[in-house]
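**Q** I have a structure I would like to understand better, so I am pasting it below and will then ask my questions one at a time.
The values are calculated or read from the model by the stated rules, or taken from the named source; none is laboratory data. Keep in mind that what you see is a predicted model, and the values were worked out from it rather than measured. All Cβ positions, glycine included, derive from the backbone under ideal geometry; neighbour counts span all protein chains shown. Quick note on the areas: whole protein, heavy atoms, side chains included, nothing else; ligands and nucleic acids left out. Shrake-Rupley method; radii C 1.70, N 1.55, O 1.52, S 1.80 Å.
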Amino acid sequence: MASQEKKFYWAHGVSREEVTRALSDQSQSVLYRRNTRRSLVVFASLSMMALVISAFISDGKIQSYIEGIAIASAIALYFALRTSCRLIAEAPAELLDERLLEIRNQNYYISYGFLAFVVGVAVGAVWMSNIAFTRGMIDEPILHRELITPFVIAFFMLGILLPNMVLAWNLPSENQE
């Protein structure tokens, strides 16, 4: 039985004990308030936008600082968001009841629909810029060797953060009285 409590779900990045502790937490944490969760979502969005914008900054030193700060803040916000959502987005199905499983599944559907839209717009913009570049309409395409890294990192962070961002935005405040 003790080994079952210590079970770690590698595909989800959580342990049984960690999820059980998060779901049964009775504290009045500020992270469990809706306005705090939504603020975290806004800051996570801003950090990913800063990462994309950093690609267009010509000064390499300033670009690297902005890029580093944006990545570090996105990682910190990921951990704050997953705590504020009680690990619901990461928990395996066997650790959630039917209600939480339905909430998680609905949020994943919304998250990945949004991700597909964002990726589609980005790929379309890159495709159109490459067509314009080959026809001589612009001097250089949107993405070239120096700019691609921040975009790839931003999409990676978006894919990781999005389920928690959608869940954090949609969950109500937890008013325990």
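**Q** Taking the simple approach of a point 7 Å from Cα along Cα-to-Cβ for both Ala11 and Phe151, what is their distance in nm?
**A** 3.2
**Q** Between Arg135 and Leu101, what length comes free when the chain is fully extended (0.36 nm per residue of separation minus the Cα-Cα distance, one decimal in nm)?
**A** Answer, rounded to one decimal: 7.2 nm.
**Q** Rounding to the nearest 20 debye, state how big the charge dipole of segment 11-102 is about its Cα centre with +1 on each Lys and Arg Cβ and -1 on each Asp and Glu Cβ.
**A** So the dipole magnitude of segment 11-102 works out to roughly 360 debye.
**Q** Highest mean first, what order results for 79-90, 94-105 on Cβ atoms within 10 Å?
**A** 79-90, 94-105
**Q** What residue among Val119, Val19, Val52 has the largest mean-square fluctuation in a Gaussian network model of the chain, using Cα springs under 10 Å?
**A** Val119
**Q** Taking a temperature of 10 °C and a viscosity of 1.306 mPa s, what whole-number D in µm²/s does Stokes-Einstein yield for the chain with Rh from Kirkwood over alpha carbon pairs?
**A** So the translational diffusion coefficient is about 87 µm²/s.
**Q** With every protein chain kept in place and ligands, DNA and RNA left out, what is the accessible area per residue of segment 76-129? Probe 1.4 Å, answer in Å².
**A** Ligands and nucleic acids excluded, the figure is 55 Å² per residue.
**Q** Further question on the same structure: Over the heavy atoms of Tyr112, what accessible area does a 1.4 Å probe trace out, to the nearest 10 Å²?
**A** The value for Tyr112 is about 90 Å².
**Q** Let me ask another. Provide the FRET efficiency to the nearest 0.05 for the Val42-Gln4 pair, computing r from the beta carbons and using R0 = 35 Å.
**A** Once rounded, the FRET efficiency stands at 0.35.
**Q** Over segment 39-170, what percent of the accessible surface lies on carbon and sulfur atoms, probe 1.4 Å?
**A** Result for segment 39-170: 71 percent of the exposed heavy-atom area is carbon or sulfur.
**Q** Is there a quick way to get the dipole size of the chain? I mean about its Cα centre, with the Cβ of Lys and Arg at +1 and of Asp and Glu at -1; what is the value in debye to the nearest 20?
**A** Using only the charged Cβ atoms, the result is roughly 100 debye.
**Q** Ok, one more. Residues of segment 21-62: accessible area per residue at 1.4 Å, in Å²?
**A** 61
**Q** Could you give the nm distance between label points at Ser173 and Leu23, where each point is 7 Å from its Cα heading toward the beta carbon?
**A** 2.6
**Q** Oh, and also: Could you report the accessible area of Ile69 in Å², rounded to 10, computed with a 1.4 Å probe on the protein chains as they sit in the structure?
**A** Here the accessible area works out near 120 Å².
**Q** Output the Cα-based Rg and Dmax of segment 1-69 in Å, rounding Rg to one decimal and Dmax to a whole number.
**A** 18.9, 58
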